[in-house]
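The values are calculated or read from the model by the stated rules, or taken from the named source; none is laboratory data. Nothing here was measured: the structure is a model prediction, and the numbers come from that model. Because the Cβ atoms are built from the backbone with ideal geometry, glycine has one as well, and the counts that use them run over all protein chains shown. Protein only, heavy atoms only, side chains kept; ligands, DNA and RNA dropped before computing areas. Shrake-Rupley method; radii C 1.70, N 1.55, O 1.52, S 1.80 Å.
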Amino acid sequence: MITDTQLELWEVFMQSKPGANYIHAGSVHASDKSMALQNARDTYSRRGEGTSIWVVPASAIVASNPDDNDLFFDPANDKVYRHPTFYVMPKDAKAI
Amino acid sequence: MENKEQAIEEEILINFEKKIENGDSIEPKDKMPDGYRKHLIRQISQHAHSEVIGMQPEGNWITRAPTLRAKQILLAKIQDEGGHGLYLYGAAETLGISRSELIEQLHTGKAKYSNIFNYPALTWADIGAIGWLVDGAAIVNQVSLQRTSYGPYSRAMVRICKEESFHQRQGYEIMAKMMAGTKEQQEMAQDAMNRWWWPSLMMFGPHDSSSPNSGNAFKWKIKRHSNDELRHKFIDKTVQQAQVIGLTIPDKDLKWNEKTGHYEHGAINWYEFHKVIAGNGPCNKQRMEHHIKVHNDGKWVREAAEAHRLKKERQN
């Protein structure tokens, strides 16, 4: 017996032009990957917004916990040597 | 125990309001007060339902559009409205409510949709008036909501606003064409104007002086402009467009206020507004019956899709 559902939730990522980053566009409902792809195209790219789409089952996405942000995203400001401005360039050297 | 829970609630509220104060946006996994979550679910789902129910008065005219060009445009517009409904359902779902629950709330009447769609689209000029006035009013509201504090809602609004301006223009074009046509066409356009003007003003909701839901909505930056501010913005923009094509605003008390730089409108019939909200508008019953019927008619499609997935999984 199959019960009536609104199908699974999928997250949609779109590349606006070749070479660009894939950016989260929104979500769709679909029963499988080919329906998810088709729904994503119809919902998020009616005006040429994308040249490539990824769809991912929402249940497969792992997200960081905002409560851990301070620790997790600690900017490590004490590690100044990670930035190019930390280094002293010889007086006449040109930057590459 | 209760005190401890209360202390946690309070801490959540303080941190949340600090973020709001800073102008940070709130994301689905952030801790938020229950009131914020509830307000957003109510507002976003109402917005989503409005997009979807709004497809009905226009869908009614697809087969009767006067030209192939008009038919193509109308189809594209209605498809957009469906898409906008989906963006918004998606945003609402990030708050922990399922699509099934959202639809059930619509069908049981727990969730509302915009009153405006309980009016019928009687002539082709109504399609013009809906695009020009109804979408015009919606845009004013949606532009303001692009800066709402909840991230997924704000992002849906940005996407919707990009698409809505074509809707407003196609409606205005229909009205302009009819006003440049025969006497009968001009009368038809004016008649549509007369019927849609006041309901469009009502779309912005009660006057600020009697708006029950706006206290926290402003504090938490869900709402960024008041009902009356948005209504004025719409009127100022639309009166000029009406004048250009020769339409008369059906409000004998409408006058320009030199001091405020806005038009002042006559009294809105709030009795009618509340009557329609309470379910006694011309099309309330028809709109809901249609939505329920289509939802039930589509049941076998969803079940078949599910069966197909299960079959595929077994094969792999």
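Please go through (1) over 19 Å from B:Ser144 (Cβ atoms); (2) of a type in the set (Asp, Glu); (3) modelled with pLDDT of 95 or more for B:Asp236 and return the number of the only condition it doesn't satisfy.
(1)
Quick one: in segment B:263-316, of everything that is of a type in the set (S, T, N, Q) and more than 17 Å from B:Ala111 (Cα to Cα), which residue is nearest to the chain's Cα centre (by Cα)?
This residue is B:Asn269.
Could you list all residues from segment A:15-60 that are within 11 Å of chain B (Cβ to nearest Cβ), more than 18 Å from B:Tyr89 (Cα to Cα) and under 14 Å from the mean Cα position of the chain (by Cα)?
Of everything in segment A:15-60, just one residue is within 11 Å of chain B (Cβ to nearest Cβ), more than 18 Å from B:Tyr89 (Cα to Cα) and under 14 Å from the mean Cα position of the chain (by Cα), namely A:Ile23.
Hey, any hits in segment B:143-150 for a residue that's closer than 28 Å to B:Asp191 by Cα, more than 12 Å from chain A (Cβ to nearest Cβ) and in contact (Cβ under 8 Å) with a residue 24 or more places away in the chain?
no
Considering only residues that are modelled with pLDDT of 95 or more, in a helix (DSSP H, G or I) and more than 17 Å from B:Gly90 (Cβ to Cβ), which ones fall in segment B:144-169?
B:Ser144
Can you name the residue in segment B:1-51 that is outside any helix (DSSP H, G or I) and hydrophobic (A, V, I, L, M, F, W, C) and is also nearest to B:Asp135 (Cα to Cα) among such residues?
The selected residue is B:Ile26.
What helices (runs of 4 or more DSSP H) completely inside segment B:52-117 contain at least 1 residues that are over 25 Å from B:Cys161 (Cβ atoms), within 14 Å of another protein chain (Cβ to nearest Cβ) and touching a Leu at 6+ places or on another chain (Cβ under 6 Å)?
Result: empty, no element qualifies.
Which strands (runs of 3 or more DSSP E) does chain A wholly contain that include 1 or more residues that are open to solvent by 90 Å² or more (accessible area, probe 1.4 Å) and in contact with a Cys (Cβ under 8 Å, 6 or more places away or on another chain)?
Answer list for chain A: none.
Just give me the residues in segment B:118-134 being surrounded by 24 or more Cβ atoms within 10 Å (Cβ to Cβ) and outside any helix (DSSP H, G or I), in sequence order.
None; the set is empty.
Determine which member of the set B:Gln43, B:Gln72 is open to solvent by less than 60 Å² (accessible area, probe 1.4 Å), polar (S, T, N, Q) and modelled with pLDDT of 95 or more.
Step by step, each of B:Gln43, B:Gln72 is checked, and only B:Gln43 is open to solvent by less than 60 Å² (accessible area, probe 1.4 Å), polar (S, T, N, Q) and modelled with pLDDT of 95 or more.
Quickly run through segment B:155-178 and pick out the residues that are surrounded by fewer than 19 Cβ atoms within 10 Å (Cβ to Cβ) and of a type in the set (Ser, Thr, Tyr).
Passing the criteria: only B:Ser165.
Could you pull out the residue among B:Asn216, B:Asn227 that is open to solvent by less than 20 Å² (accessible area, probe 1.4 Å), under 20 Å from B:Ser149 (Cα atoms) and within 23 Å of the chain's Cα centre (by Cα)?
The match here is B:Asn227.
Quick check: anything in segment B:21-31 within 19 Å of B:His107 (Cα to Cα), under 25 Å from the mean Cα position of the chain (by Cα) and crowded, with 18+ Cβ neighbours inside 10 Å?
No, segment B:21-31 has no match at all.
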